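The values are calculated or read from the model by the stated rules, or taken from the named source; none is laboratory data. Predicted model, so just to flag it, every value in this text is computed and none were measured. Cβ coordinates were reconstructed from backbone atoms using ideal geometry, including for glycine residues, and neighbour counts include every protein chain displayed.
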């Protein structure tokens, strides 16, 4: 059995969105087969944005971020859910990642003569991204450009791999049958441990 962490990255803490339904289906699949489950709801955490390199490198993260870091360290697989906004992740979720992935959490930069040491090896990730445009258009025409930074400069740089993506397009216009199909897929990913 795996230790699985679900990170809900939708910035709206009040309404239920399709991202929430997908994360719930995934989480239910995780629990159905006995995997260990933890959940972080980013919109409900208390943290400021980082405004300088000095702040990023030399200040202590807030308590909610320290707790999130602890859950990430303890996990074997991370499932992340967020909507595509202006071609990339919402700013609030990016701010969360900037707080979490400080030096000496995801990578050790103590020796400036060497490449940073990856501190999160042995973990994998699956990122579920909802969007208004067709998923194929985002992948082919736009090259899924907003996700390359997340995959290569944050996760793989920290040692998290493989990193898989599920792009769920046309969410506003999807009929109930198509929405249910994706919820079933999310549940099966949870049952499979990622």
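Only one of 65, 4 is modelled with pLDDT of 95 or more, within 20 Å of residue 106 (Cβ to Cβ), surrounded by 15 or more Cβ atoms within 10 Å (Cβ to Cβ) and in contact with a strand residue (DSSP E or B) (Cβ under 9 Å, 6 or more places away or on another chain); which?
One residue alone meets the criteria, 4.
Pairs needed: first member in region 142-167, without any contact (Cβ under 8 Å) to a residue 12 or more places away in the chain and on the phi > 0 side of the Ramachandran plot; second member anywhere, assigned to a strand (DSSP E or B) and crowded, with 19+ Cβ neighbours inside 10 Å; C-beta distance under 6 Å; at least 6 residues apart or different chains.
Between residues of region 142-167 that are without any contact (Cβ under 8 Å) to a residue 12 or more places away in the chain and on the phi > 0 side of the Ramachandran plot and residues that are assigned to a strand (DSSP E or B) and crowded, with 19+ Cβ neighbours inside 10 Å, there is no close pair.
Would you confirm whether or not region 81-91 contains a residue that is over 22 Å from residue 143 (Cα atoms) and in contact with a helix residue (DSSP H, G or I) (Cβ under 8 Å, 6 or more places away or on another chain)?
no
When the residues of region 98-112 are narrowed to those that are in contact (Cβ under 8 Å) with a residue 24 or more places away in the chain and farther than 14 Å from residue 48 by Cβ, which ends up surrounded by the most Cβ atoms within 10 Å (Cβ to Cβ)?
106
With the requirement that a residue be assigned to a loop (DSSP other than H, G, I, E, B) and under 15 Å from residue 165 (Cβ atoms), what does region 111-132 give you?
Result: 131, single match.
Checking residue 127 against (1) without any contact (Cβ under 8 Å) to a residue 40 or more places away in the chain; (2) surrounded by 19 or more Cβ atoms within 10 Å (Cβ to Cβ), which test does it fail?
Just one mismatch for residue 127, condition (1).
Please specify each residue of region 139-191 satisfying the condition of being over 19 Å from the mean Cα position of the chain (by Cα), in a helix (DSSP H, G or I) and within 16 Å of residue 83 (Cα to Cα).
The answer is 179, and nothing else.
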